[in-house]
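These notes are about the structure you will find just below.
Every number here is computed from the coordinates shown, using simple stated rules; none is lab data. Since this is a predicted model, take the numbers as computed values, not measurements. Here the Cβ is made from the backbone with ideal geometry for all residues, glycine too, and neighbour counts use every protein chain on show.
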Amino acid sequence: MTEAANPGAHNRRRGRPRIDLRRLGRAALMGPAVRDRLPDAIGHVVDAHRAHHPDADLATLHRAYVLAESSHRGQFRKSGEPYITHPLAVTLILAELGAETTTLTASLLHDTVEDTEVTLDQVRTGFGAEVAYLVDGVTKLEKVDYGAAAEPETFRKMLVAAGNDVRVMSIKLADRLHNMRTLGVMRPEKQARIAKVTRDVLIPLAERLGVQALKTELEDLVFAILHPREYERTRALIAEHSGACTALDAMAQRFRTVLREAGIPAEVLLRPRHFVSVHRVCLKRAEPRSTDLGRLLVLVGEDADCYAVLGELHTCFTPVVSEFKDFIAAPKFNLYQSLHTAVAGPDGAVAEVLIRTHRMHTVAEAGVVALGNPYAPTEGAEPADGERADPTRPGWLSRLLEWQQSTPDPDHFWTSLRADLAHNREITVFRADGRSLGLPAGATCVDAAYAQYGERAHATVGARVNGRLAAMGTPLRDGDTVQVLLAQDTSSGPSPDWLDHARTPAARIAIGGWLDAHPEPSRTPPAAPRRPAQRTAERPAAANAVVDLPDATVRLAGCCTPVPPDRVTGFPVRGGAVTVHRRECPAVARMTRAGRSPVAVRWGDAADCRVTLVAESFGRPGLLADLTEAIAAEGAAIVSATVEPPNEQRVRHTYTLHLPDATGLTALMRAMRDVPGVYDVSRTQHRGAPAVTRPRSE
């Protein structure tokens, strides 16, 4: 493979302290060694494993290799290499990252069930339930059975398995990395297809799991395949600025001197940027600085030392204040911790600096892989009732597992998965009870409602953000407190407009599912600011309207929402339906002037009805809750609700309500007017139309 197609070689040549994973040589061709001796082919795996786990029991690895080698014997990769070189390479990747023995055992066997005669029961019998679970989690589904849905359903299966054990995903990432390294033997169109899936799914997963060592190399490999021209330009730029290391080396030496004189034990390393990182710098700056092609990494022993280093560097060099970030006090959602800063030396050269402990560095490179076995018993205690409560399972994965259950269609799942993974930054908001919610950046009150309540959020009537009433489409910021307000009647549904505000698949799927299950336009969507929630679209009548036309569909007009015992009239519309209006409705006068002929209608025997009311009030804390309580107390169900932004301390609430008995409308409006702060309650009408006669409370 040429250098252009192998950016990892460039990173290693420039001295980046990353994992060297291409060391298998010809050992795999030699087969098993003599009895009681580890096979030569896994010598590199053993050395890497012992570096992280000196006391590891290697007997299980030995048995796993013997089974893998014998079962794959006679199989070859498209490159012509024996197939066993692939599971060995994948296992070496994970061993270098510090994975424990169970993960490495499953990695050696990860293709046996899929590509050989070995069965999952044999793996379970020989190596235990955990190894079998990991192997099954990464085993692909057959195209013969699933057709075009095989790939998305395989990823669904893997993610569900990872929900119980994130080590499944670690093996999958290492598997994809080795396949990407050897992708040059594939046809260009297949290379592009695999690279796009890697870009859209695997790289975001590596980022979210904090496995930076895999993520950065995958990014470079995808970059070389999908953007070869930009890759070549970046390679040329790196070659042109090869002297940048000299400037950074000089800065590193000054750092060492400063920290040694301050009595802070620290290791200062030069970290050249990988290809994609250099490309991003070029997009950010028209003319990259010579020191932009690398960063300085300072490693210390304790958290407190990180801040001591920061103080010394900011004292002895000129800090670039805008570049400072503290990911130790506020870690990223993928476990990442570091202090980021940038300082300028006496010559004006600016160096970006990362400050972290050795443990933070291990986690930054290996992410969840470095956390070991999440199910290892504490002090010999077994998990209660076999429960597998994974402490490494991140919140975003839990949310993904929740919404994927609602998307049986593989195409919908695949699209939603890519969209969800496209959000690589999370925010933390707080519920009214003080508990936190993790949401993607750009999430709104709609997303917070469904993240907290699931399908119960269909009954949401409003929200408060930091104590103030807010529209459901309000974007949330890191640290906001969100109180979701639910109607007591949970039979109501969401507004179609919420789909425009939903950013999480969970919210979009839940809202879309409810709307699909209720195809009739039986709800009043929220209104635009400063106008009541109303539409000219017609609705099915909640109460019977009897019309003097045979087989006609009767709908209640949304402009005036007539209810018994309103005086009503009807007008034929397209499709043979009749729209029923209150006689006082301004729309009746307009249609009469236009020459439209009315149809005689009258109320039937049904007593229930649907009505839209507007409550005008002065803003105050607790007003929305008091109004919804008053509505519920009168036996009315809230179908939808809109709270407009305050204007000169005045707030307009618009409710579409279902009443079990139309005769209760007057009492309902009286109860709403009795709520402190409410100065008027009226039926909806067109904006700008003259006032209409409405029931009075007296």
Label-point gap, in nm, between GLU455 and ASP674 - each point 7 angstrom along Cα→Cβ: 3.6
Full-extension gain in nm, VAL573 to ARG359, via 0.36 nm per residue minus C-alpha separation: 69.9 nm
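Within the set LYS143/LYS172; LYS78/LYS172; LYS172/LYS284; LYS78/LYS143; LYS172/LYS215; LYS140/LYS332, which residue pairs have Cα atoms separated by over 23 Å? All intermediate terms of the calculation are to be shown ahead of the outcome.
Working: LYS143/LYS172 19 Å; LYS78/LYS172 20 Å; LYS172/LYS284 33 Å; LYS78/LYS143 20 Å; LYS172/LYS215 12 Å; LYS140/LYS332 32 Å.
Pairs exceeding the cut-off: LYS172/LYS284; LYS140/LYS332.
Could you grab the Rg to Rh ratio for region 425-475? Cα atoms only, Kirkwood for Rh.
Numbers: Rg = 10.3 Å, Rh = 11.2 Å.
My calculation of the ratio gives 0.92.
Given R₀ = 45 Å, what would the calculated FRET efficiency be for ARG63 paired with ARG468, taking r from the Cβ atoms and rounding to 0.05? Don't skip to the answer; put the middle values down first.
Working: r = 63 Å, r/R0 = 1.41.
Using R0 = 45 Å, I get an efficiency of 0.10.
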Starting from the 7 Å offset along Cα-to-Cβ, what nm value, one decimal, do you get for the label separation of ASP121 and SER322? 6.6
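Nearest 0.05, what FRET efficiency do MET186 and THR663 give at R0 = 51 Å with Cβ-Cβ as r? Before the final figure, lay out the partial values.
Details: r = 74 Å, r/R0 = 1.45.
FRET efficiency, MET186 to THR663: 0.10.
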Descending packing, highest mean Cβ count within 10 Å first, for 366-372, 613-619 is 366-372, 613-619
Once amide H atoms are placed 1.01 Å from N in the peptide plane, what residues at a sequence separation of 5 or more from GLU426, or on another chain, have their amide H within under 5 Å of its amide H? PHE333, ALA441
Backbone N within region 309-324 under 11 Å of label point (7 Å from ARG289 Cα along the Cβ vector): 318-321, 323
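By how many nm would the segment from ASP433 to HIS518 lengthen if fully extended, with 0.36 nm per residue of separation less the alpha-carbon distance? Please report the intermediate quantities before stating the final value.
Working: separation 85, 0.36 × 85 = 30.60 nm, distance 3.26 nm.
Once the chain is fully extended between ASP433 and HIS518, it gains 27.3 nm.
Which value, in nm² and rounded to one decimal, describes the direction-averaged projected area of the C-alpha convex hull of region 199-249? Present the calculation step by step, with values, prior to reporting the outcome.
Details: hull surface 17.7 nm².
Hull-based average projected area comes out at 4.4 nm².
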Note on region 284-337: the mean projected area of its alpha-carbon convex hull, in nm², is 5.3
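Could you sort 160-167, 629-636 so that the peptide with the highest average Cβ count within 10 Å comes first and the rest follow in order?
On the way: 160-167: 21.5, 629-636: 17.6.
Peptide ranking by packing, descending: 160-167, 629-636.
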Of GLY467, PRO494, THR504, farthest towards positive along the dipole that unit charges on Lys, Arg, Asp, Glu beta carbons give region 425-517: GLY467
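Can you order the peptides 197-209, 583-595 by their average number of other Cβ atoms within 10 Å per residue, highest first?
197-209, 583-595
Based on Cβ point charges of +1 for Lys and Arg and -1 for Asp and Glu, what charge dipole magnitude is obtained for region 33-114 about its Cα centre, in debye rounded to the nearest 20? Write out the running numbers ahead of the final one.
On the way: 7 positive and 11 negative charges, 55 e Å.
Roughly 260 debye for region 33-114.
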About its Cα centre, what dipole magnitude does region 239-368 give when the only charges are +1 on Lys and Arg Cβ and -1 on Asp and Glu Cβ, stated in debye to the nearest 20? 320
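So if each residue of separation counts as 0.36 nm, and I subtract the Cα-Cα distance between ALA262 and ALA632, what length gain in nm does that give?
Between ALA262 and ALA632, full extension yields an extra 126.4 nm.
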Can you pull the semi-axes for region 425-517, root of five times each eigenvalue of the Cα gyration tensor, sorted largest first, whole Å? 20, 15, 11
Expressed in angstrom and rounded, the centroid-to-centroid distance over alpha carbons for region 140-157 and region 94-109 is 25
